[in-house]
Amino acid sequence: MSDVVLPDSLILTPSALAPIPSRVNLAVFASGTGTNFRAICEAARSGLLDVAEPMLLVCNRDCPAMQIAEEFGVPAMVISPKDFETAEAWMAAITDQLHAYEIDFVALAGFLRIVGPPLLDAFENRILNLHPALLPAYPGLHSIEHIWRDAHGSDETLAREARDAAGVTVHLIDSGMDTGPVLRQGAIDLDQFGSVEDFEAAVHALEHELFPAVIADFARNFSSDKE
């Protein structure tokens with residue numbers, strides 16, 4: 001009997017024998033138009049999220065992000081805090097759904113609500129948040145408007161600090177207000193914009209670029225830790 005020669009495509013090289021990365025299931029929380037959720041879904045469709053896969057959209061109210069989920073075939077649900085007696089009960093209901101969908105980590109994409117226990121405990125160091133300023137400066141809501149106002153005010157020290165805070169931060173959340181560990185930041189030159197609307201558009205454009213990239217890195221590291 002003659003020797004069988006395998007085609008090159010079937011020869012098992014060391015790289016071919018390497019373990020296949022595990023898919024990492026992502027849930028996205030949103031409350032509004034869902035532009036960052038769209039950026040995440042588009043990145044997943046084009047392969048830029050690496051092993052991360054959007055598996056669930058959670059909203060606290062009916063909003064345009066729900067239509068984006070339908071467009072991309074991502075299961076979506078509204079879990080409203082109005083339906084629960086306490087914030088803890090609301091968080092518990094969300095946590096149950098995340099476990100049901102076997103979610104590995106969460107990305108807050110304009111959720112506009114405080115995330116607390118028991119969800120925060122169940123997903124410790126696994127909840128990413130996007131903030132439109134260079135933390136620790138300008139935590140909380142309306143950062144873009146506050147930065148623009150201060151940057152154009154009469155207080156020169158405050159104006160300089162506001163300009164230095166212009167940008168985007170992706171961080172892990174903890175029990176504080178935008179105080180969790182920073183994963184990545186991107187700065188913006190505020191002086192190049194003539195209106196707060198133009199500045200806001202630039203912030204959102206950077207968000208759409210930065211957030212999917214950080215999600216991909218986080219998922220890749222998470223997958224390696226699982227293996």
Sorted largest first, the C-alpha extents of region 22-226 along its principal axes in whole angstrom are 53, 41, 33
Here FRET efficiency (C-beta to C-beta, Asp189 to Arg126, R₀ 35 Å, nearest 0.05) is 0.60
From DSSP H assignment alone, runs of 4+ in the chain each adding -39500 (n - 2.57), the sum over residues rounded to the nearest 500 puts [θ] at 222 nm at -12000 deg cm²/dmol
Projected convex hull area of region 118-171, Cα atoms, direction-averaged, in nm², equals 4.0 nm²
Counting sequence-distant residues (5 or more places) and residues on other chains, those with an amide H built under 5 Å from that of Arg184 are Val170
Counted neighbours (other Cβ, 10 Å), sorted fewest up, put Arg126, Arg45 in the order Arg45, Arg126
In whole percent, the Cα-Cα distances of region 108-197 spread across 5 Å bins from 0 upward as 3, 14, 24, 22, 14, 11, 7, 4, 1, 0
Counting only DSSP beta bridges fully inside the chain, the antiparallel percentage to nearest 5 is 35 percent
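Only the coordinates and a few stated rules stand behind these numbers; no lab work does. Note that the coordinates shown come from a computational prediction; the quantities given were computed from them, not determined experimentally. Cβ atoms come from the backbone with ideal geometry, glycine included; neighbour counts cover every protein chain shown.
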